[in-house]
Amino acid sequence: MSDQSTMPGAPLREAFPEEWHRFTPRQRMARYLGLLFAALAVGWSITSIDVIWEWVWDAPAQMGDLFGRMVPPDATNLATILKVLWETVNIATIATLFAVLVSLPVAWMAAQNTTPNRATLWLGRIILVSSRSINTIIWALLFVAIFGPGIVAGIAAIMLRSVGFVGKLLGEAIEEIDTRPVEALEATGASRAKVILYAIVPQVMPTFWAVAILRWDINLRESTVLGLVGAGGIGIILQSAIDTFKWQEAATVLLCILGLVLLGEIISAWLRRRIL
Amino acid sequence: MIRNPVLRWTLWLAVAAYVIGTVATLPVNWPRVSEGLSRAAQIFGGAFPPSFERSSLLIDGFLESLKIAILATVGGVLLSIPIAFMAARNIAPLPVFYLGRALIIVARSFHPVIVAILFVKAVGFGPLAGVLTLIVYSVGFVAKMLAERIEEIDFGQVEALRAAGAPTLSVLLYAIFPQILPRQIGLSIYQLDSNLRASAMIGIVGAGGIGATLANAFGRYDYDFALAITIIIVGAILVSEAISGQIRKRI
Amino acid sequence: MLKITDLVKRYGTGDPVLKNLSLTIEGETVVSVIGSSGAGKSTLLRCINKLVEPSSGSIELNGTELTGLRGRALREARRKIGMVFQGFNLVDRLTVMENVQSGRLGYISTWAALTRRYPREDIRRAYELMERVGIAHYADKRADELSGGERQRVGVVRALMQRPEILLADEPTASLDPKTSEQIMQLLRDLAGELKLPVLINIHNVAEARTYTDRIVGMRYGRIIFDSVPGDLTDEAMEEIYAGIPSRDRAGGAAAPLAMKAAT
């Protein structure tokens with residue numbers, strides 16, 4: 001093999017390899033298998049899903065048509081919409097408040113280093129898991145059946161879903177605290193309540209506020225859809241506008257929701273900067 | 001937090017007044033609630049023991065949710081990549097950047113249930129509306145996170161390949177993708193998990209999947225079947241959360 | 001031959017960073033550019049491969065005018081200019097071989113790049129060069145597993161893979177410890193001879209510039225005020241390059257040329 005004399009002075013030239021592969025055959029096989037698996041999953045989904053394909057190709061036209069009917073937004077009912085929007089904010093805020101209060105003892109139970117015994121630990125964890133795994137809408141479905149339609153069902157649904165979220169993050173924060181202040185206080189013979197108040201609470205305060213603000217922001221979004229299952233808030237107006245084909249009013253509602261959510265994001269970002 | 005004591009106390013008072021005012025004026029219909037409590041007893045009584053009798057319906061519903069989640073994840077992630085590049089300040093020119101950010105904000109601001117209702121109206125009941133909804137939902141999250149990652153890349157690597165005369169697409173493949181790929185994979189797996197969760201919810205407004213099965217059972221007062229469905233949903237969510245957590249930990 | 005004539009670079013409306021700068025580099029010489037931070041060394045290098053667009057003037061590489069090139073023509077011109085960076089600028093998550101081959105991205109199709117199907121000739125050349133700089137056994141390692149000196153060797157090989165007509169090095173040793181730094185300078189010097197390649201190096205370390213380069217260009221506030229063999233770089237000249245009075249230069253008064261004997 002004649003190596004071009006591109007490099008005079010290079011040491012004795014053995015034949016340099018002309019092949020290189022990024023992966024060993026085994027790695028390549030594993031990658032192909034992974035790809036094959038993904039392709040099979042997608043293939044299975046596409047071929048067996050209950051979809052009329054003509055509708056898929058028609059979908060963009062249908063969406064365009066829908067948006068066409070929404071323009072221009074009709075603001076005649078704006079006063080009512082804004083009033084209900086305020087109600088939506090109330091649902092989110094009150095529910096967050098209650099959820100935060102309820103989640104404190106739950107977090108305390110579900111944190112390994114503060115829970116009194118194994119039974120309470122498991123109770124705490126079960127509450128968190130069941131609260132977290134069931135969607136707000138499903139909770140709302142249940143509470144509408146119990147309390148009847150209205151914002152009370154909405155508050156209860158959002159609260160129950162939030163307890164799991166806040167409690168889990170708070171419990172993790174409690175588990176990650178620095179144990180030295182706790183030991184120091186215990187060494188002075190402080191009571192259990194005093195240890196919690198002076199050694200644990202100050203450490204989890206920042207997380208507490210951060211989680212509460214974050215959840216409020218999420219709840220604002222969630223409370224906009226409660227009305228669709230009858231649990232109060234702006235969703236009711238949206239639903240009735242859609243059901244009666246008042247698309248222009250629906251557009252106004254959607255714009256109001258967009259504004260509300262953006263405002264909520266701005267407020268929570270501001271609060272986070274102020275408090276943390 | 002707030003130095004001025006007057007301001008601080010006024011603020012606390014305002015908050016207290018708001019809470020008391022709102023709670024006091026909650027339209028609680030007490031007779032309806034007490035009636036509701038007995039109804040709750042009825043619901044829970046009817047729900048136990050959960051009925052797995054119509055398990056074929058249950059399995060079909062669950063599999064449909066899974067299909068919706070898979071297709072929405074694939075579609076959503078594929079769509080998220082260009083949108084994320086559009087919304088990355090260090091890559092996109094200013095007008096494109098604003099367009100990309102606006103797309104993400106709109107996708108993020110609307111709850112999937114609202115999006116689902118609109119799609120159901122536009123393309124009819126069924127899983128198609130579900131897939132479209134969750135594609136929007138995925139874009140809202142994946143594109144946002146990916147755009148943030150793209151904004152953090154080491155631009156020196158891009159510069160080096162540009163300096164070597166590499167065409168734009170090759171620069172993208174060699175200098176940018178390797179930097180964002182781990183995040184991309186993590187996000188995709190997280191989103192699959194997230195979509196499975198959400199698909200159980202949007203079914204309630206007619207977008208297919210196990211949520212539709214649940215809403216039907218609830219509407220027909222089949223509370224025992226509804227509980228069985230709920231148990232399956234919770235179980236599936238826990239399993240998928242555990243799997244996705246494991247995979248993401250290994251990456 | 002690299003021929004820079006009347007090069008001006010101005011950011012916004014401010015004082016130009018490069019002021020009517022002219023410089024010619026011929027043959028396989030190793031030229032170092034010295035000067036304090038902000039003298040415009042880096043901008044000069046980046047103007048040559050158009051990472052920075054010059055405001056006016058001309059840059060000619062072996063008969064091709066580089067200023068004003070765009071798109072495909074620019075990419076083709078850049079292939080002829082290798083560049084080594086201070087921060088190495090390797091793609092951390094790719095293997096050494098992929099990094100080295102990324103010097104060929106301007107020559108191969110995007111599809112070949114994506115599937116890692118590099119031409120046989122390129123692979124052989126890569127092994128040859130990696131062997132020459134002592135990193136061939138790292139071909140399959142990820143770039144971020146290597147030490148600083150090794151990473152810079154990968155950077156050098158990547159630039160050489162382009163089969164460049166000139167090699168630019170922007171503070172190639174500033175991130176390295178003194179010993180590794182000297183090894184890299186020696187390597188650049190040797191490669192210039194072996195590959196008959198002109199090399200233009202921005203450098204802070206004047207001792208290294210004296211030892212390893214044939215010609216030293218001293219810059220101050222966007223002008224070349226010294227250009228000669230290392231032997232001519234007297235203490236007085238050093239003083240002038242590094243401790244100049246900015247106001248005098250900014251006012252536009254030309255500094256008296258110290259030694260302007262273009263070394264070849």
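Only the coordinates and a few stated rules stand behind these numbers; no lab work does. Fair warning: this is a prediction, and the values are worked out from it, not measured in the lab. Here the Cβ is made from the backbone with ideal geometry for all residues, glycine too, and neighbour counts use every protein chain on show.
Per-residue 3J(HN,Hα) values for the range A:150-164, derived from phi via the Karplus relation 6.51 cos²θ - 1.76 cosθ + 1.60 with θ = phi - 60°, read x, 6, 5, 4, x, 4, 4, 5, 5, 4, 4, 5, 6, 4, x Hz in sequence order (x marks Gly and Pro). Among the residues of A:34-46, the average count of other protein chain beta-carbon atoms within 10 Å of the residue beta-carbon is 3.
Ranked by the mean number of other Cβ atoms within 10 Å of their residues, highest first, the peptides A:182-189, B:34-41 fall in the order B:34-41, A:182-189. Of the trypsin sites (Lys or Arg not before Pro) found in the range C:191-248, those in coil by DSSP whose Cβ has at most 14 other Cβ atoms within 10 Å are C:196. Please state the shape class of the range A:35-90: rounded when a/c is under 1.5, otherwise prolate if a/b exceeds b/c and oblate if not, all from the C-alpha gyration tensor. Since a/c reaches 1.5 but b/c is at least a/b, the shape of the range A:35-90 is classed as oblate.
Just to check, using Stokes-Einstein with a Kirkwood Rh over alpha carbon pairs, what's the diffusion coefficient of chain A at 10 °C and 1.306 mPa s in µm²/s? If you can, show how the numbers build up before the last one.
On the way: Rh = 23.8 Å.
Here the translational diffusion coefficient equals 67 µm²/s.
Rg/Rh, computed from the Cα trace of the range C:1-101 with Rh as the Kirkwood radius, has the value 0.99.
Derived scalar couplings between HN and Hα for the range B:75-82 equal x, x, 5, 4, 6, 5, 4, x Hz in order, rounded to whole Hz, by the Karplus curve 6.51 cos²θ - 1.76 cosθ + 1.60 (θ = phi - 60°), x for Gly and Pro.
The antiparallel fraction among DSSP beta bridges confined to chain C stands at about 50%. Here the range B:192-241 was treated as a single set of alpha-carbon atoms; its pair distances binned every 10 Å from 0 give 30, 53, 16, 0 percent.
Find which of B:75, A:251, B:166 sits farthest along the positive direction of the dipole of the protein assembly as shown, computed with +1 on the beta-carbon of Lys and Arg, -1 on that of Asp and Glu, about the Cα centre. Projecting each Cα onto the dipole axis, the largest value belongs to A:251. Cα extents for the range A:94-221 along the principal axes, largest to smallest and rounded to whole angstrom: 54, 29, 20.
Note on C:40-53: average number of Cβ atoms from other chains within 10 Å of each residue's Cβ is 1.
Normalised by the number of residues in chain B, what is the relative contact order in percent for Cα pairs under 8 Å and 6+ residues apart?
Averaging sequence separation for qualifying contacts and normalising by length gives 27 percent for chain B.
With the highest mean first, a sort of the peptides C:58-64, B:102-108 on other beta-carbon atoms found within 10 angstrom per residue produces B:102-108, C:58-64.
Shielding by partners for peptide B:170-181, expressed as the average number of C-beta atoms from other protein chains within 10 Å of each residue's C-beta, is 5. Ranked by how many other Cβ atoms sit within 10 Å of their own Cβ, fewest first, the residues C:36, C:181 fall in the order C:36, C:181. Amide H contacts under 5 Å for residue C:226: C:218, restricted to partners 5 or more places along the chain or on a different chain, H placed in the peptide plane at 1.01 Å from N. Ignoring everything except DSSP H segments at least 4 long, calculate the 222 nm mean residue ellipticity for chain B; use -39,500 (n - 2.57) per segment, divide by total residues, nearest 500. Here the helix-only value at 222 nm equals -26000 deg cm²/dmol.
Using the 10 angstrom Cβ neighbour count as an exposure proxy, how do C:3, A:168 rank, fewest first? Please report the intermediate quantities before stating the final value.
Values: C:3 16, A:168 21.
Fewest-to-most ranking of C:3, A:168: C:3, A:168.
The range B:1-55 has equivalent-ellipsoid semi-axes of 46, 18, 6 Å, by the square roots of 5 times the alpha carbon gyration tensor eigenvalues, sorted largest first. Computed on the Cα trace of the range B:27-132, the radius of gyration divided by the Kirkwood hydrodynamic radius gives Rg/Rh = 1.20. Radius of gyration over Kirkwood radius for chain C, both on Cα atoms: the Rg/Rh ratio is 0.98. Return the lysines within reach of residue A:246: Cα separation strictly under 16 angstrom, same-chain partners fewer than 8 residues apart disregarded; answer none if there are no such residues. Counting by Cα, and skipping residues close in sequence, residue A:246 has these lysines nearby: B:121.
Here is the list for the range A:167-276: chymotrypsin sites (Phe, Trp or Tyr not before Pro) lying in DSSP coil, each with at most 16 other C-beta atoms within 10 angstrom of its C-beta, are A:245.
Most simply put, the protein assembly as shown has about 50% antiparallel DSSP beta bridges, counting only bridges with both residues inside it. Neighbour counts of other Cβ atoms within 10 Å put C:115, C:173 in the fewest-to-most order C:115, C:173.
To the nearest 20 debye, what charge dipole does the range B:54-250 have about its Cα centre, counting +1 at the Cβ of each Lys and Arg and -1 at the Cβ of each Asp and Glu?
Computed about the Cα centre, the dipole is about 160 debye.
Of the peptides A:253-260, B:212-219, the ranking by mean beta-carbon count within 10 Å, highest at the top, reads B:212-219, A:253-260.
In the protein assembly as shown, taking the dipole from charged Cβ atoms about the Cα centre, the farthest positive-side position among C:127, C:226, B:14 is held by B:14.
For the range B:160-236, the alpha carbon convex hull comes to 86 Å³ per residue, rounded to a whole number. About the centre of its Cα atoms, the protein assembly as shown shows a dipole size close to 780 debye [charges on the beta carbon of Lys, Arg (+1) and Asp, Glu (-1) only; nearest 20 debye].
Normalising by residue count, chain B has a Cα convex hull of 217 Å³ per residue. Normalised by 2.2 N^0.38 Å, where N counts its residues, the alpha-carbon radius of gyration of the range C:85-144 equals 1.09.
Here the Gaussian network model covers chain C, with springs between Cα atoms less than 10 Å apart; of C:229, C:157, C:91, C:91 fluctuates the most.
If the Kirkwood radius is taken over C-alpha pairs of the range A:57-159, then at 25 °C and 0.890 mPa s the Stokes-Einstein diffusion coefficient equals 143 µm²/s.
Within the listed set B:26, B:238, B:181, the Gaussian network model of chain B (springs between alpha-carbon atoms below 10 Å) gives the highest mean-square fluctuation for B:26. Comparing B:168, B:22, B:230 in a Gaussian network model of chain B, where Cα atoms under 10 Å apart are tied by springs, the biggest mean-square fluctuation is seen for B:22. Computed from backbone phi, the HN-Hα couplings of the range B:27-44 come to x, 8, 9, 4, x, 5, 5, 5, 5, x, 5, 5, 5, 4, 4, 5, 4, 5 Hz, rounded to whole numbers (Karplus: 6.51 cos²θ - 1.76 cosθ + 1.60, θ = phi - 60°; Gly and Pro given as x). Sequence-distant contacts, meaning Cα pairs under 8 Å at least 6 residues apart, place the relative contact order of the range C:20-154 at 21 percent. Where a ≥ b ≥ c are the square roots of the eigenvalues of the C-alpha gyration tensor, would you call the protein assembly as shown rounded, which needs a/c under 1.5, or, failing that, prolate if a/b is larger than b/c, or oblate? Judged from the Cα gyration tensor, the protein assembly as shown comes out prolate (a/c at least 1.5, a/b above b/c).
The charge dipole of the range A:78-275, taken about the Cα centre with unit charges on the Cβ atoms of Lys, Arg (+1) and Asp, Glu (-1), comes to about 160 debye, rounded to the nearest 20.
Normalising the average separation of contacting C-alpha pairs (under 8 angstrom, six or more residues apart) by the number of residues puts the relative contact order of chain A at 23 percent. Projecting the Cα positions of B:237, A:236, B:132 onto the charge dipole of the protein assembly as shown (unit charges on Cβ atoms of Lys, Arg, Asp and Glu, taken about the Cα centre) puts A:236 furthest along the positive direction.
Among the lysines, which fall within straight-line cross-link reach of residue C:50, defined as a Cα-Cα distance under 21 Å, with same-chain neighbours fewer than 8 residues apart omitted? Correct list for residue C:50: C:3, C:9, C:19, C:41, C:80.
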